[in-house]
Structures are given as structure tokens and as C-alpha cells.
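Report on one structure; see the data block that follows.
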Amino acid sequence: MRQPVARSLQEAVDYRDIDAENTCDEETELNRMISTIGFGRYHRRVLALCGLGWMADNMWMQCVACILPRVQRHFDISNAGIGIMSSSMFLGLMCGALVWGPVSDRFGRVVAYRWTLVLSAVFGALASVAPTFPLLCVCLFGLGSGVGGNMPVDGAIFLEFVPREKRHLLTMLSVFFSIGSALAAAAALAILPAFSCPEGSKGDCDVGKENNGWRYLLVTMAVATAAMVVLRNGCFRLYESPKFLLQNKRRADVIVVLRKIVNFNGGTARPTSPLNTAETGVLRQPSEESGSDASSWLEWPEAEDVVEPPPHVRSTKPWLHRWGQTLRAALDVRAHARMVRPLFAPSLRRTTALVWAIWAVVALGFTMFNVFLPKLLETNAPAEDSGRKVQVRVYRDSLIYAVSGIPGSLIGAWLVGTRLGRIYSMALSTLVSALALIAFAMAAKSANSALTVLSSSVFGLMSTMMFAVIYAYTPEVFHPSLRGTACGMASALGRVAGIVAPLVTGLLLEISTTVPLYVSVCLLMVATTCMVALPIETRDIAT
């Protein structure tokens, strides 16, 4: 029998010595306000701009997978050693998730939102000019440390702004995830075959002059990421999450933010539902006395006169001193560790363990296939293909694989609202992903091009659906006060698996190209079992 949801979430709050009854009332009031505001222009922009963070995450991972064979040729790295390249990036992804998740819980979501992509663009550009393989790995670590904060933080940001009945749109962020992969694959198809040493050429290709396509691709991705930085930080101002503000007892700031959202949406809100009547003492419909202020109906008990302080009086400390304090606090490992304890309260212990296990096992199984897909396709290319024709076929098939994942997010967004819910939707998509890998292994062994493309496309579709639901379920199941830390830790464990996967796969490739595929199948089966064992279905949770 599944554990009652409300009790589980409330006990997590009790464990942090918060006044549970008052906190529950305040959260209920805030949820009613957010539902009354509805889903408008502000929320659509948040969806799009948070989606850019998810796009950058998968765009860079696909980019690294595409350049892996070219870098291997450029620096003459063995199969067993080339996995260090992908592991370096995943190590950075892990560190980024471990740092940015707790930072967003302690200092707000906006800090991480503003800086993750900046780091990604800078280190991506540096990676393109790395003169040696070790320096390239160092730059990829820095790149990962920025990208690693996008998924746990951006998902929490979107979830905390939207009404409960629109939370299923969180799975739509995975559409951007798939688009990022498709963009990187398309850029690889356009750049790499034309500016890389032909497959099969040995000493007759000068890698310093004729094998720089991987550098051009890294530059292209860095420029695209810089454009995302401009869109997120220069073209739109993200307000701080109202749920973060509430957790930090900043009720006046909550009202300021909600009023700004209403005005940004055009000064309109949905008609209040029976639960949101004036009897609550919280919400009122606009009246003639409201004047021209379209958001004056937003009120909080004992906090009706809310005035936002002018920018020049918000802080008198020098900016350098403020950033120094923030940096020291961000690197305070003990403080971050204390925030993990509530996740292992009796009511959340099983959920936390299973969610983290799912992230780790799924990431391990998926990465063993995804990172080495171009190399697997290249190794098992038909005998009649040679030279650049092999590369064109490989990157074309990689593009088909990437594009096939885009509908998966849309299907996942619909499926989570059905009777299957979140848990059985992710379990079903994970199981079918494992079956698709079995078909891919059989196709690779027989060098059947048609079956290879079909099976990889099915895997792309179902794995995207799987990740869409996992990424939606994780922030939903944890209380807002724990959300950034819980998602950051889950993402970090997934990145740890990403560190291990390329190294293990590189060793297994020395045995056979199909052995890593069957190991991935076993891991996805284990993940399916963990998903079915989850005790909390989040379809009707309103936190």
C-alpha cells in the first residue's frame, strides 16, 4: 500500500524544525494565489528560457559524443583511454549539480540560473583551442561544472512558478533536451565530415591541418551557448521563486513577485475557483477601489502594504564583498551536507533512495550507449562504405536518432496525466528502451543498416520519454525547501554514473561492440524495478 503523500511531505518539513502547521497554511495560500494568476505570458517565457538550459545540457553531451572519434584520431588515444574525455565532462557535471543545487536552496534560484550557462560558454570556447588531450579534458570538466546546474535548477524554477494543474508541462522541458541533441548532431553532420581526416587514412593525413572539425564544432556550440546567455540574462528578467521566498519567511517579497507576474501577463487573472474565495482571507477579486493596479487583489494577511525597496538601497555592501561572501557560502561543504539530512527522514528515506538509484542506474545504462553511439555506428558500418562516406552515414544516423527523441517528450507530457501516472509511465518507457537496445545489438552484429536506424530511433523516442518523466517526477516528489538539494544530488549521482560509464565501455569495447549494449539492457531492467517500487505517485501533489 502506498504511503500517504501529504504525510510524507509534511514530515519532511517537520524534520527541519519548521512550524509545520503555519508552513502548510502558507503554502496552501501561495498555491491558491499561483492558481488564480493562471498560466500566462510570463510562464511561457520561463518555460522557453529554462528549456534553453536543458537544451545546452544535451547539446554539449551530444557534441562530445560526436567529436569523440575525431579527438581520438587527433591525439592518437586508445579505446581504453578515450573514455577519460567523456568522464572528465561528467565529473564536471557531477560537481556542478552538487554545488548549484544546494546554492539554489540557500541563495535562490536566480543565482544559478544566471551563471551556469556563462561558465559553459567560456569553457566550451577554451576547449576548442586546447593544444593537448589533458588540457581538453580539463576544459571539458569546467564546461560540465556549468552545464551540470541547469537541469536540477531550471526544472525547480519552472515548477515553482506554474499552477498545480499545469505542472505536467514540466515534461515539455525535455523537448528542449531533445532539440539540443538534434542541433548538435546536425552541426556535426555539417562540419565534421568536411573538416576531418577520412576514415581509414593512416599517415597520409595531417591532423594539425586537416582534422580540426572537432574544434570548429566546439566553437559553434560555444557561440550557441553564448546566445542563450544573452536571451536568459539580457532579454528577460527572471523573478525569484515565490516558493523559495516563502521558505525563507519573505512573505512581502512573495507578494511583490506575484504582482509583477500579474502585470507582466497583462494585468489579468483567472476567475477564482470555489477554493479561492474571499473567505480564505487571502484573495480578492479586483474592485473599483483597486484603481489602476491590476494586481491589488493579491494580499497576504498582515502584509497588505508591500513596497519594493529601490534598487540603490537593497544592499550597501560593495559588490566584490557580496560576491566573496556568496562564493564562500557556495563552497561551504558542511552547510550543504546539513541540507541532505531531511531527505532521509523516515517518511522520505525510501523515496530518496529509490529516486537516486534510478538516476544513477539509468544514467549508467543510457550513457554506455549514447556516448559511444557514433563510434559504434562507425565500427559496424557496412563494408562497402569507406572514407568520408562512413562519417556522413554515421552522423546522419546520429541525427536521425536525435530527432526521433523529440516526440518522446510530448508523448510523456500526455502519458503522465493518464491512469498510468508518473511511476508507471517512466517504468513502461524504460522497459521498451531496454528492448530497443536488444534489437540494436542484434542489428549491429549483423551490420543491418535499416534495423540499426529503426532500433536506435525507437530507443531515442522511448529514452526521451523516460527522462522526461524522471525529470518531472523528481522535483515534484520533494518539498520546495528540499527541492534544489534533492534534485542536485540526484543529478550528481547520475553524473557519477556518467563518469564511470565511458571508462567501463571503453574497456568492454576491447572485448566486443555488443557487450556494452547488453550491460545497458540489464541496467535499464534494474531501473524499471526501482521505478515500480516507488511509494509516492506525484500526479496529485500540489507543492
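The values are calculated or read from the model by the stated rules, or taken from the named source; none is laboratory data. This structure is a prediction, so every number in the text was calculated from the model and none was measured. Cβ placement follows ideal geometry from the backbone for every residue including glycine, while neighbour counts extend to all protein chains displayed. The protein model used for the area step is the full one, side chains on, heavy atoms only, and it has no ligands, DNA or RNA in it. Shrake-Rupley method; radii C 1.70, N 1.55, O 1.52, S 1.80 Å.
Remarks
- Failed condition for residue 512, given (1) more than 15 Å from residue 353 (Cβ to Cβ); (2) open to solvent by less than 10 Å² (accessible area, probe 1.4 Å): (2)
- Against the test of being under 24 Å from residue 81 (Cα atoms) and either under 22 Å from the mean Cα position of the chain (by Cα) or of a type outside the set (S, T, N, Q) (or both), the options 230, 138, 223 yield a single qualifying residue, 138.
- Count - residues of the range 228-255 that are assigned to a helix (DSSP H, G or I), open to solvent by less than 20 Å² (accessible area, probe 1.4 Å) and not charged (D, E, K, R): 7
- The test for being closer than 24 Å to residue 367 by Cβ, open to solvent by 10 Å² or more (accessible area, probe 1.4 Å) and either assigned to a helix (DSSP H, G or I) or at pLDDT 90 or above (or both) does not hold for residue 112.
- Reported count of residues in the range 68-87, each being farther than 22 Å from residue 189 by Cα and open to solvent by 20 Å² or more (accessible area, probe 1.4 Å), is 6.
- Subset of the range 173-209 (residues that are modelled with pLDDT under 85, surrounded by fewer than 22 Cβ atoms within 10 Å (Cβ to Cβ) and assigned to a helix (DSSP H, G or I)): 207, 208, 209
- Verdict on residue 32 being more than 29 Å from residue 502 (Cα to Cα), part of a helix (DSSP H, G or I), more than 17 Å from the chain's Cα centre (by Cα) and free of Cβ contacts under 8 Å to residues at least 12 places away in the same chain: no
- Of all the listed residues (501, 486), the sole one being closer than 24 Å to residue 110 by Cα, modelled with pLDDT of 80 or more, small (Gly, Ala, Ser) and surrounded by 23 or more Cβ atoms within 10 Å (Cβ to Cβ) is 486.
- The residues in the range 429-451 that are under 21 Å from the mean Cα position of the chain (by Cα) and hydrophobic (A, V, I, L, M, F, W, C) can be counted, and the count is 0.
- Hey, residue 505 more than 17 Å from residue 91 (Cβ to Cβ), in contact with a helix residue (DSSP H, G or I) (Cβ under 6 Å, 6 or more places away or on another chain) and of a type in the set (Ser, Thr, Tyr) or not: no
- Scope the range 452-506; condition among the small types (Gly, Ala, Ser) and over 16 Å from the mean Cα position of the chain (by Cα); matching residues: 455, 456, 457, 460, 481, 501, 506
- Among the residues of the range 122-133, those identified as in a loop (DSSP other than H, G, I, E, B) and either closer than 24 Å to residue 245 by Cα or open to solvent by less than 30 Å² (accessible area, probe 1.4 Å) (or both) are 128, 130.
- Exactly one residue among 136, 119, 143 is open to solvent by 30 Å² or more (accessible area, probe 1.4 Å), part of a helix (DSSP H, G or I) and not charged (D, E, K, R), and that residue is 119.
- Residue count for the range 53-81 under the criterion of being among the hydrophobic types (A, V, I, L, M, F, W, C) and closer than 19 Å to residue 198 by Cβ: the result is 6.
- Residue 490 vs. criteria touching a residue at least 60 places away in the same chain (Cβ under 8 Å), of a type in the set (A, V, I, L, M, F, W, C), assigned to a helix (DSSP H, G or I) and farther than 29 Å from residue 54 by Cα: no
- Close pairs from the range 458-478: first under 10 Å from residue 178 (Cα atoms), partner of a type in the set (S, T, N, Q) and open to solvent by 10 Å² or more (accessible area, probe 1.4 Å), Cβ under 6 Å, at least 6 apart: 460/404; 461/404
- Those residues of the range 88-109 which are open to solvent by less than 10 Å² (accessible area, probe 1.4 Å) and hydroxyl-bearing (Ser, Thr, Tyr), in sequence order: 104
Yes/no per residue for (1) surrounded by fewer than 24 Cβ atoms within 10 Å (Cβ to Cβ); (2) at pLDDT 85 or above:
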position	(1), (2)
412	no, no
425	no, yes
429	no, yes
454	yes, yes
466	no, yes
480	yes, no
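- Given (1) in contact with a Lys or Arg (Cβ under 7 Å, 6 or more places away or on another chain); (2) modelled with pLDDT of 85 or more, number of the condition residue 97 does not satisfy: (2)
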